[in-house]
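K.L.:
Once you've had a glance at the structure underneath, I'll fire off some questions.
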Amino acid sequence: MDEERNIQPAKNTPRKKKYRILWDRVIIALVALIALIVGIVMLISALVGAIKGALSKDDSSSAVKAGAQVVSSQQETPDSVAQPVDNSLFTVVIDAGHGGEDVGSTDFDGKRYEKDDCLRVAKLVEKYLKNMDVNVVMTRSDDVYVTLDDRCKIANDSNAVIFVSLHRNYYDGEAQGVEVWVHNERPENDTALAQNILDGLKGVGVTQDRGVNFGYRGNEYVNYQVNRETNMPSCLVELGFMQDGQDNQLFDDNCDAYAKAIADAIYKTAKERELVKNLP
Ligand SMILES: [Zn+2]
């Protein structure tokens, strides 16, 4: 600084001045260029954001198809029949017949209770459904008595898309095999559910295919309460006769495979009948 002062002020060299003016302009130009670049970047990012927003619906539906639940899927698929619970695909109610003081039917010795077989297979169905990301509501998970009214209420409060009641059969003569019961109005979804379950069980192995039946045994004009008073597709499965040794043997040998077949049939029905949209 001092040095500069001591130096005789040079005659202003116009060349130097010119250069200074040029540098000033270059700086101004650079600032303008940077401002322009920043502006362009902001514009592009805004456009990209807008495009992403426009495409987000497609993304969510394809994600659902791929099996991945998106958090926003509930808002973006309001026409979906079933609203997923937490991260599950849909809800199913599994009803283990009888329980507690109501033992159901027994074998000839009176030592084997229907209620125990129902709970055993029901818990396995629950396990397999959960493995498929299906939310399961059990009407009972222990050896407790639950009224039929309560079973139907649990189902109707659950937002479930399917209800399946699991039983074993009773007959005082000789009978064997598996049968499924559906409301006597023969609703298509219920009938499809029953047939899918029956086909699955037959695939595992049964003594006899006793078919899909409508109404109530001995009276087709009335219905099992769990079919009559539940608001979703439902059926009642009779997994062989308690009084038939072969049926009991098959049940014991194949309980796990029966449960998997029932779980698979439930999922298949939900997908085929579109009880839940966009199932993977
Ligand atoms: Zn029963």
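Please treat every number below as a calculation from the coordinates, not as lab data. Remember, predicted model here, so these are calculated numbers, not experimental data. Quick reminder, even Gly has a Cβ in these numbers, built from the backbone with ideal geometry, and neighbours come from all protein chains shown.
K.L.:
At 7 Å along the Cα-to-beta-carbon direction for both Thr207 and Ile40, put a label point, then send me their distance in nm to one decimal.
P.N.:
The answer from the label model is 8.3 nm.
K.L.:
Also, quick follow-up: Do any of Lys123/Lys268; Lys115/Lys153; Lys111/Lys153; Lys130/Lys277; Lys115/Lys277 go past 27 Å between their Cα atoms, and which?
P.N.:
Over 27 Å Cα-Cα: Lys111/Lys153; Lys115/Lys277.
K.L.:
Would you mind checking which residues have amide H under 5 Å from Asn169's amide H? H placed 1.01 Å from N; only 5 or more apart, or other chain.
P.N.:
So Asn169 has HN proximity to Leu239, Gly240, Phe241, Met242.
K.L.:
Additional query: Out of residues 5 or more away from Tyr216 or on other chains, whose amide H comes under 5 Å of its own, with H placed 1.01 Å from N in the peptide plane?
P.N.:
Long-range HN contacts for Tyr216: Tyr221, Val222.
K.L.:
Order of Ile34, Ile162 from fewest to most other C-beta atoms within 10 Å?
P.N.:
Least to most surrounded, the residues fall as Ile34, Ile162.
K.L.:
So how do Phe108, Phe163, Phe251 line up by other beta-carbon neighbours within 10 Å, fewest first?
P.N.:
Phe108, Phe251, Phe163
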